[in-house]
Amino acid sequence: MTIDTALFSFVDAPSERTGTLILRVWVEDGLRVRILRAIGPHKAPPIAVTSVEDVHTVVQNWLEELLGPGG
């Protein structure tokens with residue numbers, strides 16, 4: 001399989017601070033969310049949460065870390 005890298009040129013970020021946040025969400029006896037986080041080359045351990053409020057908290061904390069002091 002060949003991948004045309006030109007299709008993915010939007011991934012090149014102009015700043016030094018880049019991050020990836022992936023949410024895998026499903027419903028099984030309530031809400032289940034697995035969150036994968038990385039900032040630059042540093043990957044954090046996956047987090048599993050079961051409420052919308054916890055998802056908000058994790059996303060907010062990740063954004064604050066990405067933006068850094070004064071962000």
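The values are calculated or read from the model by the stated rules, or taken from the named source; none is laboratory data. None of the values given here were measured: they were computed from a predicted structure. Cβ placement follows ideal geometry from the backbone for every residue including glycine, while neighbour counts extend to all protein chains displayed.
Quick check on my filter: what residues within the range 28-71 are small (G, A, S), part of a loop (DSSP other than H, G, I, E, B) and in contact with a strand residue (DSSP E or B) (Cβ under 9 Å, 6 or more places away or on another chain)?
G40, A44, S51
Please determine whether any residue of the range 13-21 is over 17 Å from the mean Cα position of the chain (by Cα), surrounded by 12 or more Cβ atoms within 10 Å (Cβ to Cβ) and modelled with pLDDT of 85 or more.
no
Identify all residues within the range 22-35 that are β-branched (V, I, T) and surrounded by 12 or more Cβ atoms within 10 Å (Cβ to Cβ); write none if there are none.
Answer for the range 22-35, where residues must be β-branched (V, I, T) and surrounded by 12 or more Cβ atoms within 10 Å (Cβ to Cβ): V33, I35.
Going through the range 36-57 one residue at a time, which ones are free of Cβ contacts under 8 Å to residues at least 24 places away in the same chain, farther than 23 Å from E16 by Cβ and surrounded by 11 or more Cβ atoms within 10 Å (Cβ to Cβ)?
P46, I47, V49, T50, S51, D54, H56, T57
Of all residues in the range 39-61, which are small (G, A, S) and closer than 17 Å to D29 by Cα?
Hits for the range 39-61 are A48, S51.
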